[in-house]
Every structure is written in structure tokens, then in C-alpha cells.
Amino acid sequence: MKVVVVANQKGGVSKTTTSVNLAAYLGQLGKHVLLIDLDPQANATSGIGIDKSKVEKSIYDVLIGKGSMDGITLQTPEQNVWVAPANLALVGAEVELVHAPRREFRLADSIIKNESINRYDYVIIDTPPSLGLLTINAFSAAQSVLIPMQCEYYALEGLAQLYKTIQLVKQKSNPTLQIEGLVFAMVDSRANLTTQVIDEVKKLLKDKVYETMIPRSVRLAEAPSFGKSIASYDKTSKGAEAYERLAKEFLQRNGQAPTVPPAAAPTNETGSTSTTHLQEVSTP
Ligand code: ATP
Ligand code: MG
């Protein structure tokens, strides 16, 4: 079992879209996944197919010690994916936990305490756009951080800040925390700055930068309003292909093969597996 936190303190950079769709494709590839929604907006909860207005017990109850992870976990419509949902109650958690014992380790403790957590291959945590106590709890509970980023110049400043926070967490609460990788999301091939930004990020994170890039795609933005991952909403769309490739790259980087063989990958005329490179990415 591996715990991966999806984080970037900058808002709207595809954290939730990446959490939901990576979870869905890992599920389709035969892995058992627990998606933990640590954002009071509860977008991952609704995006994976759970009506957030009907969530009675959420990750909030776990954090304040009024519930167990198993007690709040729900099965989702996505194959092999379960969710520890969020709801608005989570808004209060940052304040309520300030004076709680082991306030930075509430999530880590609840994961360790839960023996059945080992039935999952991966735990993916979606975080809010801040570096507050909720995100720190996620960093303290995780083995690694996956960073979605937009190809914009000012995103580099945010990345430097996130990098500093990760170093601080390593010193203070989680010395073995690693960087899982950085994924460029909402990539727009028309943007001139794109390659410059990618070069800068590669200087910092080197081979941690994923080959797979997620294009800007209307279908990806539509899927959550139907409570579906892109795999369920439109599996032939560009966004779906990209997230399927991302899940495969993720497994490969973790030295793991898919548990069930996926359907044959589409091939081009030369017979090689088709891959989308940045130059080919376009807006639908
Ligand atoms: P927040 O910081 O508010 O939690 P976030 O980082 O989780 O935001 P998302 O909610 O995943 O970001 O994405 C922000 C918006 O952009 C959403 O409306 C989402 O549907 C849309 N979006 C995300 N990825 C893509 C994409 N590749 N193409 C088009 N739209 C996208
Ligand atoms: Mg989000």
C-alpha cells in the first residue's frame, strides 16, 4: 500500500481532476484505490460519483477522532475505487485541530490504525489549495507527493514555495517523504511559454517530470458535473487517453504492471503504440 498526496497550493491547477482520474484508471488497471478527499469543497467526492449533500460522515469525523477510516469509506461507481468523502464540516477542521494533540499527524494516525487499509494498493489524497493544517496532515501521512502544474510562468514561483514546504515537512514530520512526480496539466500547445516553463521545471525536478502531459480538454471539465471520471464519461476523448497513459506511467515508475491486462492500446500505421507528445496536444 502506498499513500500519494496530490498537492499544489495554487488553486485550479487540476489537483482534483488528476486525483479522480488517476484513481479511476488505476482502478481500471486492476489496482484497489482509496481516494481521500481532504478539501472542504468536496469536489473529489462528487467527481467520483458520490452526492456530497448525502455524505453524513466524512474525513472530518476521522480527523477530529469521532470516526474511523473504515466507518466513513464509501464504494464509488468507479471500478475498484473507494472514497473517504469530504463535506463542508471540514471547513472547521483547520481551526478545531489547532490545539489537538498530534495535530499534524491526525490523518497519518488514522491510516496506520486502520488495519484494513492494506487491502488498497494505493491511497490517493486530494488536498485544498493552501498549505494549511489539512495539507500538512496529508504530507505527514504520505510516502510521496504528486504535483500537478500548469505551464504558466508564474507557476514557477508557486513551485519553489511548494518545494520549500516539502523540505520543511521532511525536516519536521515526515523525513522519508518523496516527490512522486510533477505532471503538467491543462497543457495548451498554442502557448509559446510552454517549452520554456517545462525546461525550467526540469532543471529543478529532472526525471521527476512525467512524460505524460494532460491536454486542456472540454470533456475533462464536463465529466465532474455528471459525477463521472473521464474513463466513465468519455473513454475515447483525448483527456481520457492522457489520464490512462498517466496511470500506466505512474505504475511503471512504481515498478508495477497493471494487474489486469488493459484493452490493446491503439497503434498507428507503423505499428508502434501511439503516444501524444506535447507538440501533438491540441485544444478540442
Ligand atoms: P482547487 O485548487 O480549487 O481545488 P484544483 O487544483 O483541484 O482546484 P480542478 O478542480 O481539478 O483543480 O480544475 C479546475 C477547473 O479546471 C475545473 O473546472 C476542472 O474541471 C477544469 N480542468 C481541470 N483539468 C482540465 C483539463 N485538462 N482541461 C480542461 N479543463 C480542466
Ligand atoms: Mg480541488
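Give the number of residues within segment 152-197 that are of a type in the set (A, V, I, L, M) and open to solvent by 20 Å² or more (accessible area, probe 1.4 Å). Break it down into steps so the answer makes sense when it comes.
Pass one, segment 152-197, residues of a type in the set (A, V, I, L, M): 155-156, 159-160, 162, 166, 168-169, 177, 179, 182-183, 185-187, 191, 193, 197.
Checking the rest, the ones that are also open to solvent by 20 Å² or more (accessible area, probe 1.4 Å) come to 156, 160, 168, 179, 186, 191, 193.
Number of matching residues: 7.
Give the residue that is nearest to the chain's Cα centre (by Cα), with candidates limited to residues of segment 40-49 that are closer than 23 Å to residue 216 by Cβ and open to solvent by less than 10 Å² (accessible area, probe 1.4 Å). Selected residue: 44.
The selection criterion, being within 16 Å of ligand 2 (Cβ to nearest atom), open to solvent by 60 Å² or more (accessible area, probe 1.4 Å) and under 20 Å from the mean Cα position of the chain (by Cα), holds for residue 52.
Whenever a residue of segment 106-120 is closer than 11 Å to residue 141 by Cβ and open to solvent by 10 Å² or more (accessible area, probe 1.4 Å), it has no partner that is part of a loop (DSSP other than H, G, I, E, B) and of a type in the set (Asp, Glu) lying with C-beta atoms less than 8 angstrom away and at least six residues away or across chains.
Filtering segment 1-33 down to residues that are among the small types (Gly, Ala, Ser) and within 14 Å of residue 142 (Cβ to Cβ), which residue is nearest to ligand 2 (Cβ to nearest atom)?
Quick first cut of segment 1-33, residues among the small types (Gly, Ala, Ser) only: 7, 11-12, 14, 19, 23-24, 27, 30.
Applying the additional criterion that residues be within 14 Å of residue 142 (Cβ to Cβ) yields 7, 19.
Working: 7: 10, 19: 8 Å.
Among them, the one singled out is 19.
Of everything in segment 99-158, what is of a type in the set (A, V, I, L, M, F, W, C), part of a strand (DSSP E or B) and more than 16 Å from ligand 1 (Cβ to nearest atom)? Give them in sequence order.
Taking segment 99-158 as the starting set, the residues that turn out to be of a type in the set (A, V, I, L, M, F, W, C) are 100, 105, 107-108, 111-112, 117, 123-125, 131, 133-134, 136, 138-139, 141-142, 145-147, 149, 151, 155-156.
Now drop any that are not part of a strand (DSSP E or B), which leaves 123-125, 145-147, 149.
Residue satisfying the conditions is 123 alone.
Could you look through segment 203-219, keep only residues that are assigned to a helix (DSSP H, G or I) and in contact with a Phe, Trp or Tyr (Cβ under 8 Å, 6 or more places away or on another chain), and pick out the one that is most open to solvent (accessible area, probe 1.4 Å)? Out of the qualifying residues, it is 219.
Condition (residue is in a loop (DSSP other than H, G, I, E, B) and in contact with a strand residue (DSSP E or B) (Cβ under 8 Å, 6 or more places away or on another chain)) applied to segment 87-94: is it met by at least one residue? Give the derivation first.
Taking segment 87-94 as the starting set, the residues that turn out to be in a loop (DSSP other than H, G, I, E, B) are 87.
Next, only the ones that are in contact with a strand residue (DSSP E or B) (Cβ under 8 Å, 6 or more places away or on another chain) stay: none.
Within segment 87-94, not a single residue is in a loop (DSSP other than H, G, I, E, B) and in contact with a strand residue (DSSP E or B) (Cβ under 8 Å, 6 or more places away or on another chain).
Taking segment 159-180 as the range and being assigned to a helix (DSSP H, G or I) and in contact with a strand residue (DSSP E or B) (Cβ under 8 Å, 6 or more places away or on another chain) as the test, the residues that pass are 159, 162, 166.
The values are calculated or read from the model by the stated rules, or taken from the named source; none is laboratory data. On a predicted model such as this, the values are computed, not experimentally measured, just so you know. We place every Cβ from the backbone using ideal geometry, glycine too, and count neighbours over all the protein chains shown. Ligands, DNA and RNA are stripped out before the accessible areas are found, and what is left, the full protein with its side chains, is counted by its heavy atoms. Shrake-Rupley method; radii C 1.70, N 1.55, O 1.52, S 1.80 Å.
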